[in-house]
Ligand SMILES: [Zn+2]
């Protein structure tokens, strides 16, 4: 292989390796789309598959090929991750809601101050 072909080949290998890492890292929760943009189907592995998990459910890309570039995320893991993410968002939303009475009090105080200044302003005319 000539040096430029070799460089091109090693660049493609690196890009492929980066893509594998990206797909692996981005597979989290209940996927809506695959990294390739493909639709996700709710797949139940059949017993005829050469698979150690027959009958197990997966969130799988409709374009799935066993090349590491598509999602095939175990259903139980995806649902657990999604629940954890939703719980965290709920806790964050609860923190925001807890601050609402304090904000209402501040708004009322500002309204009172504005009314006092408006009356003061009326008298000065
Ligand atoms: Zn895909």
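The values are calculated or read from the model by the stated rules, or taken from the named source; none is laboratory data. What you see is a predicted model; the values in this text were computed from it and never measured. Glycine gets a Cβ as well: all are built from the backbone with ideal geometry, and neighbour counts include every protein chain shown.
Looking only at residues of region 31-76 that are surrounded by fewer than 16 Cβ atoms within 10 Å (Cβ to Cβ) and under 14 Å from the mean Cα position of the chain (by Cα), we find that the one that is farthest from residue 13 (Cα to Cα) is 32.
Identify, from the list 86, 110, the residue that is away from the ligand (no atom under 16 Å from the Cβ), assigned to a helix (DSSP H, G or I), modelled with pLDDT under 95 and surrounded by 10 or more Cβ atoms within 10 Å (Cβ to Cβ).
The unique qualifying residue is 110.
When we screen 66, 125, 121, 51 for residues that are part of a loop (DSSP other than H, G, I, E, B), more than 30 Å from residue 16 (Cα to Cα) and either more than 16 Å from the ligand (Cβ to nearest atom) or modelled with pLDDT of 90 or more (or both), the only hit is 125.
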